[in-house]
Amino acid sequence: MIVFQSPDRRKEEERLRQEKRLPPGQALTLKFPVLHYGPVPNFNPATWDFRVWGEVEKEVRWTWDEFNRLPHTKVVIDLHCVTRWSKADTEWEGISVRTLVDQDLIKIKPAARFVMQHAEFGFTVNLPLEVVLQDNFLLATHFNGQPIEPDHGYPLRGVVGAIPGRDDLQTPYLWKGAKWLRGLEFMTRDRRGFWEQAGYSNSADVWKEERFA
């Protein structure tokens, strides 16, 4: 089978390779593929809440209205999926965990080292605390100026990617940001999330091609 590649896509992919923004084994897409395990959950703003617990001084729980009043920020990142597609220059808006910590809205205990993202249907994703506090990790509500579509995690998802020119940031594959996010658990010790238990890499570094354990 012959797969047609548009000149625009090929030209853009070559630009990213020259700028060293395309990790090994990745190919550019101009679309936004939908990949997830299980059904898309229903969203009821009247009953939805977001919980923060574990190694924090005080457990926090925000309603949907309260969550949307938290300080917002925007970030432009390149997304890299473990299934080998990458999408460049995507704009996300949402809440930075670093900002919540800096403004004492979340008070992390000194022993905290890891974070588990808890999503609908019991789905989990683990990350080191240092990555969650980076500029390239966001609790995202909007994509390219619009609320995230249900297939991509509406109303809230964790999103992580590469900020062009920021070589100081760790960049894991996109699955390390959970769709349909409902809470963050701060932990002293690491625990494997859903895909990590299924054999995917725990660190998932895109530049080292850490796809599988």
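Bear in mind that the values in this text are calculations on the coordinates, not laboratory data. Please read all numbers here as calculations on a predicted model, not as lab measurements. For neighbour counting, all protein chains shown are included, and Cβ atoms are generated from backbone atoms with ideal geometry for every residue, glycine included.
In this structure, the amide hydrogen of VAL82, modeled 1.01 Å from its nitrogen in the peptide plane, lies closer than 5 angstrom to those of LEU174, TRP175, counting only residues at least 5 positions away or on a different chain. From helices alone, the chain scores -3500 deg cm²/dmol at 222 nm; the rule is -39500 (n - 2.57) for each run of n ≥ 4 DSSP H residues, then divide by the residue total. Between amide H atoms placed 1.01 Å from N, distances below 5 Å from VAL56 occur with LYS109, all of them 5 or more places distant or on a separate chain. Among the lysines of the chain, pairs that are 8 or more positions apart or on different chains and have alpha carbons within less than 15 Å of each other number 7. Per-residue Karplus couplings for segment 70-83, computed as 6.51 cos²θ - 1.76 cosθ + 1.60 with θ equal to phi - 60°, are listed in order as 5, x, 9, 8, 10, 9, 10, 9, 8, 8, 10, 8, 4, 7 Hz, Gly and Pro entered as x. Please check the chain for the longest run free of GluC sites (Glu not before Pro) that are loop-located per DSSP (anything but H, G, I, E, B) and have at most 16 other Cβ atoms within 10 Å. Here the longest segment lacking exposed loop sites spans 60-208. Approximating the spin labels as points 7 Å out from Cα along Cα→Cβ, the HIS142-to-ASP49 distance works out to 2.7 nm. Largest GNM mean-square fluctuation across VAL60, VAL75, VAL115, computed for the chain with C-alpha springs under 10 Å, falls on VAL60.
Normalising by the residue count of the chain, find the relative contact order in percent from Cα pairs under 8 Å and 6+ residues apart. Please list the in-between numbers first.
Details: 430 pairs, mean separation 47.2, N = 213.
Relative contact order of the chain: 22 percent.
For segment 196-213, 3J(HN,Hα) computed residue by residue from phi via the Karplus equation (6.51, -1.76, 1.60; θ = phi - 60°) reads 5, 5, 8, x, 7, 4, 6, 8, 6, 5, 5, 6, 9, 6, 8, 8, 10, 5 Hz, glycine and proline entered as x. Between GLY193 and ASN126, the built amide H atoms are under 5 Å apart, and every one of these is 5 or more places off in sequence or on another chain.
Here Rg and Dmax of the Cα atoms in Å was computed from the coordinates, and among [x] 17.1, 58; [y] 16.0, 50; [z] 17.5, 53 the match is [x]. Among ARG191, ARG15, ARG84, the largest mean-square fluctuation in a Gaussian network model of the chain, built with springs joining Cα atoms closer than 10 Å, belongs to ARG15.
Over the C-alpha atoms of segment 101-213, the Rg to Rh ratio, Rh being the Kirkwood estimate, stands at 0.95.
Counting only alpha carbon atoms, the long axis of helix 7-18 and the longest principal axis of the chain meet at about 70°.
Phi angles of segment 115-132 translate, via the Karplus equation with coefficients 6.51, -1.76, 1.60 and θ = phi - 60°, into HN-Hα couplings of 9, 9, 7, 10, 10, 4, 6, x, 5, 9, 9, 9, 8, x, 4, 4, 6, 4 Hz per residue; Gly and Pro are given as x.
Length available on full extension from THR99 to GLU149: 0.36 nm per residue minus the Cα-Cα distance, which gives 15.5 nm.
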